[in-house]
């Protein structure tokens, strides 16, 4: 179903369900709007819709059905019973930190009072992600005999073999795609193993660590409440990692959001306050833009252990000290990011005809290049690569962010013979390259995009894969938009549905995120009553719109849309693409529109809707 306007060059409306499909959903007690939205997300049968809406914890899979989970539990149980020195080994992003923190909390609860329990999170720049040999020597010297990883190590064949020579058993819990040769770990709990039959592949690192904690608590006859206490951390890690919010993830994050809004963990309470978020009203965006960036700032700017200690402390004074340090690091991250953005914008402006933009500089902060690549890609609506050049080694580390219709990891695979390392997924990737090949890489990517995505060279089997440190899984949903380059609209609205009750209906499908995005709507032929620029830098466009068929008025904002004001001068009617937002304050019960696209209305045949 196409939108009957120029907006159709960027947007496509999902097909409307048939009368028979709506009737089947209604018979199962499912509202028409829910049926349409869930079908748009690949949840098509009434039974599957009921399961999604109910989101019952009791219906999540048995953790022992995860590959190698029974073996992992048996080994950890033995370590707990004999008082072995256990080390939790994590990663430096928000998923790695939350997964390490929740597993550490579990083991701290279960271990003998005097038994040693340790943690280690590698330094982003000195160590890189995953196990490293120097860290293994250090942990051996501390007395570690069992390492349990979270969110890492699926590719660490050499490092796991080295740990074995030191007399250290390694249990891997991870969600990254493993290579053909698996590490010879004591156990490897990863649903992406080719021999895994676990139906929920899209758990992130925090989700996998939670399943291990779940299994350990049950093996030790702990009450279910202690499992549920960890779900606030699962929610943060899953949303921060942009994991698909479908299936088990949807259930765990929905319950985790409830737990987060009522959390009593001193570290989380301090973090929530520092982010300016009100407990009880925390939503997905608050995690994505307030809580997770502060956790990530520790690993980007200094040591991820600062965030880990915040999430594991039960002491309010320690929590206050750690969150103050995180705030300073986050402010420094924001300032350095903006400085770096000035450089990359200048370089991008010199590439106006390039379909893929590549920018680079000497010794740019490697903890920030991914952020900068994402911001620039959003601004210029093109795939972007940002590289930091190391003149001493004559190599560069890069981070790539793509746009719909351009699979960046497939494009990099076409250049794999000239890359030192690479990894990632369709929309985000990281890589290391000899600096002399940068121009050739740029030419390859431009040609790859302009030739419709043909892989010019086969993937080299000898090229080691980086674990995905960009914090996102590759979604299976949304394939249509990746194929067509268009973004999908859930529903074209032709009558006045926009109110607080309708908004609350939509929120029944939350949490929203990857795989289950905020619903997007279209309305046509709205009266343009007022348009003006707003915001601290006068970069946003504030609109007041009126329905042509009723007295309804709508307030809307097009973020960073101030440059569209001139094109709306003298326009009487507009077509818009938008999301619905609210303060969720039932005493006011107000809603407004977050406008994604707008154009002057051109008369034409409208679309049908519910």
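Given (1) surrounded by fewer than 24 Cβ atoms within 10 Å (Cβ to Cβ); (2) under 28 Å from residue 242 (Cβ atoms); (3) without any contact (Cβ under 8 Å) to a residue 60 or more places away in the chain, where does residue 119 come up short, assuming only one miss?
(3)
Could you please find all residues in segment 16-69 being touching a strand residue (DSSP E or B) at 6+ places or on another chain (Cβ under 8 Å) and in a helix (DSSP H, G or I)?
Result: 33, 36, 37, 40, 69.
Any idea which residue in segment 535-558 is surrounded by the fewest Cβ atoms within 10 Å (Cβ to Cβ), counting only those that are touching a helix residue (DSSP H, G or I) at 6+ places or on another chain (Cβ under 8 Å) and not in a loop (DSSP other than H, G, I, E, B)?
Among them, the one singled out is 540.
Read through the list (1) at pLDDT below 95; (2) surrounded by fewer than 19 Cβ atoms within 10 Å (Cβ to Cβ), then give the number of the only condition that residue 56 fails.
Unmet for residue 56, out of (1) at pLDDT below 95; (2) surrounded by fewer than 19 Cβ atoms within 10 Å (Cβ to Cβ): (1).
If I ask for residues that are free of Cβ contacts under 8 Å to residues at least 24 places away in the same chain, in contact with a helix residue (DSSP H, G or I) (Cβ under 7 Å, 6 or more places away or on another chain), surrounded by fewer than 16 Cβ atoms within 10 Å (Cβ to Cβ) and on the phi < 0 side of the Ramachandran plot, which ones from segment 276-325 would you list?
Scanning segment 276-325 gives a single hit, 279.
Which one of the conditions (1) more than 20 Å from residue 513 (Cβ to Cβ); (2) at pLDDT 90 or above does residue 458 fail to meet, given that it meets all the rest?
All conditions pass for residue 458, except number (2).
Residues checked against (1) assigned by TED's automatic domain parsing to the domain that holds residue 72; (2) part of a loop (DSSP other than H, G, I, E, B); (3) free of Cβ contacts under 8 Å to residues at least 60 places away in the same chain; (4) crowded, with 24+ Cβ neighbours inside 10 Å:
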| position | (1), (2), (3), (4) |
| --- | --- |
| 171 | yes, no, no, yes |
| 181 | yes, yes, yes, no |
| 200 | yes, yes, no, no |
| 211 | yes, no, no, yes |
| 216 | yes, no, no, no |
| 237 | yes, no, no, yes |
| 252 | yes, no, no, yes |
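Within segment 80-107, count every residue that is in contact with a strand residue (DSSP E or B) (Cβ under 6 Å, 6 or more places away or on another chain) and in a helix (DSSP H, G or I).
Result for segment 80-107: 5.
Kindly provide the set of residues from segment 308-320 that are assigned to a helix (DSSP H, G or I) and closer than 20 Å to residue 233 by Cα, ordered by number. Don't jump to the end; show me each part of the working.
So the first thing to find is which residues in segment 308-320 are assigned to a helix (DSSP H, G or I), and the list is 308-312, 316-320.
Listed by number, the residues that qualify are 308, 309, 310, 311, 312, 316, 318, 319, 320.
Can residue 532 be described as in a strand (DSSP E or B), touching a residue at least 12 places away in the same chain (Cβ under 8 Å) and either surrounded by fewer than 17 Cβ atoms within 10 Å (Cβ to Cβ) or at positive phi (or both)?
When the stated conditions are applied, residue 532 passes them.
Identify, by number, the condition in (1) in contact with a helix residue (DSSP H, G or I) (Cβ under 8 Å, 6 or more places away or on another chain); (2) without any contact (Cβ under 8 Å) to a residue 12 or more places away in the chain that residue 165 doesn't meet.
Failing condition for residue 165: (1).
The values are calculated or read from the model by the stated rules, or taken from the named source; none is laboratory data. Computed from a predicted model, the values in this text were never measured in an experiment. Positions of Cβ are backbone-derived with ideal geometry, glycine not excepted, and every protein chain shown enters the neighbour counts.
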